[in-house]
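Undergrad: Got a structure for you, questions after.
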Amino acid sequence: MNKVIISALAATGLTLGSCGVNSWNDEMLDGFEGGVNYNKPTTNVSYALTESDYSTIATLMEALATNDAEKAEAKAIATDLYLNSNGSFPATVALPAFMQTASFPYYLAENGSSVDIIYAEAGENDPTITTVATAITYTVDKAGYQSAWGSNDDYIQAFTPAVSATDKIPALLAAKYTDAQEGEMCMVTYNVASEEPVFADAAYVPVKFDGGNVFMFADKGVAEGVLGGSETKTYGYINNNDDVTVEADGTLSGGKPENVYTFTDVDGEFMTIQDAKGRYLYMSGTYNSFNISDEADTTDDGYLWSVTDNNGDGTWTIMNKGKEKWMQYSTNYTSWGAYNYASGENPVLYYSDGSNVLVANADPDASGRYAVVNPSTKTVNTVYTFDGSKWIVASQVLALNPEDYTEMGFSNNSLDDAESYLPIYLRNKLPYAQEGEAVYVKYNRNTAALYVYDGSNWSRNDNGLETVTGRYKKDSGAWKFEKYIGKAMFNLFTADKIELEQSYLMVAEGICAIPFTSTRNPYYSYFYTEPVSDKGGVIVTPTDVNAFRFTASHTDAGGKKVDAPEGYFFIIDSYGQVIYVNDDTYNTYYKNDDVDLTHQGCYWKAEKNSDGTWKISNYFDKYVQYSIKYTSFGCYAAAQNDAALPTLYQLQK
């Protein structure tokens, strides 16, 4: 039997005096179960929305919609199974309407009742996702490696443990992007080696290559012998074949005849190049790809190529005479092309028997200088961010590397069905992730997504979807939002005048002031600090313990209410302690719950600055400043060097 039977006697003119809604049901209906006692306010109860409830809410909101877009948004609630805090029907609109219907078990509760509603809520799309996706890109080139190694001779085109990317890349970025703005991101592509090179001591004498049958090697593979992997193509780029190995003695094994290119000297300076089918490679137009022809027109500079030893770094520059573009293997596009700028790796040349062309032609009696031990390398991507003064690794961002795509079975640095593959990638990449950990993943050059770990699985969560608890209170027959339970939300305070009887976070340089407790300096101290994160003008914290209440009056320990002078207010921490200062040489704060509230040091005022910060000053003209040097909030009579004034964030009610 239903626990609640709605009495409609009032509609017939009958009344039950002061009896509650269940009084008649209880006496007249045999077996009636009283259920909720609506004669008293309902408190200390919670209710989680069901799929059916979301459908009910969708119907209610659709009736409120004023246009087709809002109707579509309302209908989506039934299938999305969440409410959107930034949509037309946020929880503060949708839930009170739902709580007035019979679908809500406490809809008849008395005024003064409060219920904690548990529901799924989405917010704004995280703006950092766009920042990561649109990050500028920088591939470290020859000049960059030379700068990192501090030499035009003793260097390789890679970072090593001794010449690390972490140490060197920030300086390269600072030199390249002199006008970087705080928060700007850059994805850096570079090579790394796990071993150190060994360089010869004497001046280097370039090695001359006279032609022959060779493999062109880069990024663990050799150029395939035909364009685009097809004998029928007459133009295009060249794929890479990684079915080869560079042995410990520096020779190449696994090379196949179908991937051999023939270089033939023409005039002692330039050569022709034939693919594995004997056809000639040439360049035309503005493209960075190759063309092939059965015959070579050596009067056309597009058919002529120079082959130059790159100062003994193990690679060669194969330059087209007509276009002044040189052959490179692009790790971004995973193919060979010819460019007039550094776009990838220059080839290492091996004869068809596997011997290294550079080593085979080097004169042992010459005073050449080159890396006699040239370690193997791999290409990686790392996202850096500018913090306002320097470039640092973006610790919450992972960029897929070429080998990651390969391991997932994809080529050309292009990932399909990311939502199937990335959770597996993250599980393997971050095996010790903790529940609630979030990471931005950058892939496919200009795509990014936010993934959050729930303790078992990684899930995409671009819109900040989370399970929240909101307390709703019934007043004058209507349900109204009172506060979030389990988290505190603070909005950037942008008004020109301070609002009293409100609680605030005081934040500077991403750091908020927090009350000092009795465990350290029980009566006086600088404010302790804690990092916070502003996302779209909102700071979310687990509790409001770090908030300070600004109030026009306060009741002292003896129960006497004291008003602050006109234009001033009291600051009360979350433990109920009055924050004050003394007119002395100390720059610390004092706190007490039984201080004399007429003491002038208890009075504060706040003035907004043009940059949005606030000057929160005491009656003695000392004001709150965050010392970057000492990483604490003090109260000073004069502006401090290396200090910042706070920005205020107001606690949502």
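Undergrad: Determine the share of the chain's accessible area contributed by carbon and sulfur atoms, expressed in whole percent, with a 1.4 angstrom probe.
TA: 47 percent
Undergrad: Hey, which of these cross-link pairs are over 29 Å Cα-Cα: LYS256/LYS429; LYS474/LYS560; LYS497/LYS535; LYS390/LYS429?
TA: Exceeds cut-off: LYS256/LYS429; LYS474/LYS560.
Undergrad: Further question on the same structure: Gain in length, ILE485 to ASP167, computed as 0.36 nm per residue apart minus the alpha-carbon separation, to one decimal in nm?
TA: 110.1 nm
Undergrad: Dipole of the chain, Cα-centred, from +1 at each Lys and Arg C-beta and -1 at each Asp and Glu C-beta, to the nearest 20 debye?
TA: Magnitude of the dipole: close to 1980 debye.
Undergrad: Short version: ³J(HN,Hα) in whole Hz for each residue of segment 126-136, in order, from phi by Karplus 6.51 cos²θ - 1.76 cosθ + 1.60 (θ = phi - 60°), x for Gly and Pro, what are they?
TA: 4, x, 5, 4, 5, 4, 5, 5, 9, 4, 5
Undergrad: Also: Using a simple charge model, +1 on the beta-carbon of Lys and Arg, -1 on the beta-carbon of Asp and Glu, nothing else, what dipole does segment 400-480 show about its Cα centre, in debye to the nearest 20? Spell out each step's value before the answer.
TA: Details: 9 positive and 12 negative charges, 115 e Å.
Result for segment 400-480 is approximately 560 debye, rounded to the nearest 20.
Undergrad: For percent of Cα pairs over 42 Å apart, the choices are (i) 51; (ii) 42; (iii) 27; which was calculated from the structure?
TA: Label of the calculated value: (i).
Undergrad: Between PRO531, TYR421, ALA513, whose Cα lies farthest towards the positive end of the dipole of segment 407-536 when Lys and Arg beta carbons carry +1 and Asp and Glu beta carbons carry -1, centred on the Cα centre?
TA: Sorting the options by dipole projection puts first ALA513.
Undergrad: Loop-only check: which chymotrypsin sites (Phe, Trp or Tyr not before Pro) in segment 405-466 are DSSP coil with at most 13 other Cβ within 10 angstrom?
TA: TYR432
Undergrad: Turning to a different aspect of this structure: Provide the packing ranking of 294-304, 500-510, i.e. peptides ordered by the mean count of other C-beta atoms within 10 Å per residue, highest first.
TA: Packing order, densest peptide first, comes out as 500-510, 294-304.
Undergrad: What order, most packed first, do the peptides 138-151, 245-258 have when packing is the mean number of other Cβ atoms within 10 Å of each residue?
TA: 138-151, 245-258
Undergrad: If packing is taken as the average count of other Cβ atoms within 10 Å, what order do 262-268, 285-291 fall into, highest mean first?
TA: Output ranking for 262-268, 285-291: 285-291, 262-268.
Undergrad: Accessible area per residue for the chain in Å², computed with a 1.4 Å probe and the full protein assembly in place, what is it?
TA: That works out to 50 Å² per residue.
Undergrad: Apply the Karplus parameterisation 6.51 cos²θ - 1.76 cosθ + 1.60, with θ equal to phi minus 60°, to every residue of segment 524-537 and state each ³J(HN,Hα) to the nearest whole Hz, in sequence, with x for glycine and proline.
TA: With the stated coefficients, segment 524-537 comes to 8, 4, 6, 5, 5, 9, 7, x, 9, 10, 8, 10, x, x Hz.
Undergrad: Percent antiparallel among DSSP beta bridges with both residues in the chain, to the nearest 5?
TA: Values: 125 of 139 bridges.
Counting DSSP beta bridges with both partners in the chain, the antiparallel share is about 90 percent.
Undergrad: Now for a separate question. What is the sum of charges, Lys and Arg at +1 and Asp and Glu at -1, for the other residues whose Cβ falls under 12 Å from the Cβ of THR631?
TA: Working: positive: LYS629; negative: GLU509, GLU530, ASP642.
Once positives and negatives cancel, what remains is -2.
Undergrad: While we're on this one: In sequence order, what are the phi-derived ³J(HN,Hα) couplings for segment 151-162 according to the Karplus relation 6.51 cos²θ - 1.76 cosθ + 1.60 with θ = phi - 60°, rounded to whole Hz, with x for glycine and proline?
TA: Calculated HN-Hα couplings, in order: 7, 8, 10, 8, 7, 10, 7, 5, 9, 10, x, 7 Hz.
Undergrad: Same structure, new question: Which length gain, in nm to one decimal place, applies between THR130 and THR598 when the Cα-Cα distance is subtracted from 0.36 nm times their residue separation? Mind dumping the intermediate values first?
TA: Values: separation 468, 0.36 × 468 = 168.48 nm, distance 5.23 nm.
So the chain would gain 163.2 nm between THR130 and THR598.
The values are calculated or read from the model by the stated rules, or taken from the named source; none is laboratory data. Because the structure is predicted, anything quoted here is derived from the model rather than measured. Virtual Cβ from ideal backbone geometry, glycine too; neighbours counted across all protein chains shown. The area values use the complete protein model at the heavy-atom level, side chains included, leaving out ligands, DNA and RNA. Shrake-Rupley method; radii C 1.70, N 1.55, O 1.52, S 1.80 Å.
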